[in-house]
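**Student:** The structure is given below, and queries will be raised subsequently.
The values are calculated or read from the model by the stated rules, or taken from the named source; none is laboratory data. Just so it is clear, the model here is predicted, and its values are computed rather than measured. Backbone-built Cβ (ideal geometry, glycine too); neighbour counts: all protein chains shown.
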Ligand SMILES: NC(=O)c1ccc[n+]([C@@H]2O[C@H](COP(=O)([O-])OP(=O)(O)OC[C@H]3O[C@@H](n4cnc5c(N)ncnc54)[C@H](OP(=O)(O)O)[C@@H]3O)[C@@H](O)[C@H]2O)c1
């Protein structure tokens with residue numbers, strides 16, 4: 001199937017490792033020119049170089065924190081200047097710490113809002129005018145299964161990511177007339193460093209072993225295993241493609257069936 005992504009300009013935020021990196025790779029594999037960012041320069045440049053070599057892709061990589069609105073603005077401007085616009089924007093950032101409500105501090109609430117909600121606002125504000133000019137665009141927010149089903153001890157994610165879904169639906173409504181499609185992708189438990197962090201936190205609060213926790217997460221999904229970053233990335237690529245041209249304002253879960261609702 002031709003996804004129609006050749007030469008599209010794809011910006012993937014927080015993409016030096018995990019699901020973001022798998023997404024940058026999958027878009028490069030489809031012939032996109034890719035812009036990547038993350039905070040750690042060394043890890044980011046090493047990931048970018050591997051993608052350049054493996055896919056003969058044009059890659060622009062710049063280290064900054066996605067909670068820095070000025071840095072986001074400057075990055076989007078540089079990407080647009082180098083590549084002639086921004087067609088696809090995948091918003092992403094590291095997940096908030098695993099906490100119960102009374103344990104989470106006000107500073108952690110503030111940080112979660114900035115990292116997992118406002119960063120999406122910053123990117124959307126900057127990329128939409130470029131997409132409007134071309135009458136074509138895709139914004140895909142990478143969030144979590146928590147947008148549909150709260151996860152115990154992840155109150156920061158459960159609460160803050162719901163705001164992203166409100167934003168996604170609003171942007172889909174407002175900019176559909178400009179050919180801009182806006183969707184949200186929610187991974188279930190996916191084998192990345194973030195999941196190791198969550199397993200460690202859960203092990204120390206429950207007294208269980210980390211392997212026992214991984215096994216329980218896998219057992220909770222009808223597919224009886226964790227997801228792979230590639231499986232989330234390929235869903236994002238499809239949503240970004242010409243093949244998903246009548247889908248907007250939706251949340252697509254990539255969770256092995258873990259969501260219990262209808
Ligand atoms: N893995 C799962 O099971 C799972 C499930 C549901 C939802 N999610 C969510 O999906 C997202 C990606 O998860 P992942 O598992 O791929 O995480 P990961 O393996 O920890 O990777 C996170 C990536 O984001 C970058 N990053 C983190 N904070 C950033 C910031 N403030 N500014 C710029 N870059 C930043 C990291 O690089 P630097 O540290 O160098 O910045 C890294 O490249 C997270 O929000 C996570 O909560 C993951």
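**Student:** Of the residues 5, 11, 27, which single one is touching a strand residue (DSSP E or B) at 6+ places or on another chain (Cβ under 6 Å), away from the ligand (no atom under 14 Å from the Cβ) and either under 26 Å from residue 187 (Cα atoms) or free of Cβ contacts under 8 Å to residues at least 40 places away in the same chain (or both)?
**Tutor:** Details: 5 fails: touching a strand residue (DSSP E or B) at 6+ places or on another chain (Cβ under 6 Å); 11 fails: away from the ligand (no atom under 14 Å from the Cβ).
Step by step, each of 5, 11, 27 is checked, and only 27 is touching a strand residue (DSSP E or B) at 6+ places or on another chain (Cβ under 6 Å), away from the ligand (no atom under 14 Å from the Cβ) and either under 26 Å from residue 187 (Cα atoms) or free of Cβ contacts under 8 Å to residues at least 40 places away in the same chain (or both).
**Student:** May I pose another question? Would it be correct to say that residue 234 is touching a residue at least 40 places away in the same chain (Cβ under 8 Å) and within 27 Å of residue 163 (Cβ to Cβ)?
**Tutor:** Details: touching a residue at least 40 places away in the same chain (Cβ under 8 Å): yes; within 27 Å of residue 163 (Cβ to Cβ): yes.
Taking the combined requirement at face value, the residue satisfies it.
**Student:** Can you pull out the residues in region 147-193 that are crowded, with 20+ Cβ neighbours inside 10 Å, within 14 Å of the ligand (Cβ to nearest atom) and assigned to a helix (DSSP H, G or I)?
**Tutor:** Of everything in region 147-193, those that are crowded, with 20+ Cβ neighbours inside 10 Å, within 14 Å of the ligand (Cβ to nearest atom) and assigned to a helix (DSSP H, G or I) turn out to be 147, 155, 156, 157, 160, 161, 164.
**Student:** Among the numbered conditions (1) within 20 Å of residue 27 (Cα to Cα); (2) not in a helix (DSSP H, G or I), tell me where residue 131 comes up short.
**Tutor:** With (1) within 20 Å of residue 27 (Cα to Cα); (2) not in a helix (DSSP H, G or I) applied to residue 131, the lone miss is (2).
**Student:** Considering only region 232-255, state which residues are touching a strand residue (DSSP E or B) at 6+ places or on another chain (Cβ under 6 Å), under 25 Å from residue 192 (Cα atoms) and crowded, with 17+ Cβ neighbours inside 10 Å.
**Tutor:** Within region 232-255, 232, 235, 236, 239, 240, 251, 252, 253, 254 meet the criteria.
**Student:** Scan region 225-258 for residues that are part of a loop (DSSP other than H, G, I, E, B) and touching a helix residue (DSSP H, G or I) at 6+ places or on another chain (Cβ under 6 Å) and jot them down.
**Tutor:** Going through region 225-258, the residues part of a loop (DSSP other than H, G, I, E, B) turn out to be 225-226, 228, 241, 245-250, 255-258.
Those that are part of a loop (DSSP other than H, G, I, E, B) and touching a helix residue (DSSP H, G or I) at 6+ places or on another chain (Cβ under 6 Å): 225, 226, 248, 249, 255, 258.
**Student:** Here is a follow-up. Provide a single number: the residues in region 36-63 that are under 23 Å from residue 123 (Cβ atoms), assigned to a helix (DSSP H, G or I) and near the ligand (Cβ under 10 Å from one of its atoms).
**Tutor:** 4
**Student:** Give region 194-221 a look and list any residue that's within 12 Å of the ligand (Cβ to nearest atom) and either in contact with a strand residue (DSSP E or B) (Cβ under 7 Å, 6 or more places away or on another chain) or outside any helix (DSSP H, G or I) (or both), or say none.
**Tutor:** Once the filter is applied, which keeps residues that are within 12 Å of the ligand (Cβ to nearest atom) and either in contact with a strand residue (DSSP E or B) (Cβ under 7 Å, 6 or more places away or on another chain) or outside any helix (DSSP H, G or I) (or both), region 194-221 yields only 221.
**Student:** Please go through region 48-61 and give me each residue that is under 16 Å from residue 17 (Cβ atoms) and in contact with a strand residue (DSSP E or B) (Cβ under 7 Å, 6 or more places away or on another chain), ordered by number.
**Tutor:** Within region 48-61, 48, 51, 59, 61 meet the criteria.
**Student:** Go through 85, 94 for me and flag whichever is touching a residue at least 60 places away in the same chain (Cβ under 8 Å) and either assigned to a strand (DSSP E or B) or more than 16 Å from the ligand (Cβ to nearest atom) (or both).
**Tutor:** Being touching a residue at least 60 places away in the same chain (Cβ under 8 Å) and either assigned to a strand (DSSP E or B) or more than 16 Å from the ligand (Cβ to nearest atom) (or both) holds for just one of 85, 94, which is 85.
**Student:** Pairs only if they're at least six apart or on different chains, beta carbon under 6 angstrom, first in region 242-262 and on the phi < 0 side of the Ramachandran plot, second modelled with pLDDT under 95; list them, first residue then second.
**Tutor:** Sorted first by the residue in region 242-262, then by its partner, the list stays empty.
**Student:** Moving to a separate point now. Output the residues belonging to region 97-107 that are surrounded by 16 or more Cβ atoms within 10 Å (Cβ to Cβ) and more than 11 Å from the ligand (Cβ to nearest atom).
**Tutor:** Taking region 97-107 first, the residues surrounded by 16 or more Cβ atoms within 10 Å (Cβ to Cβ) are 97-99, 104.
Listed by number, the residues that qualify are 99, 104.
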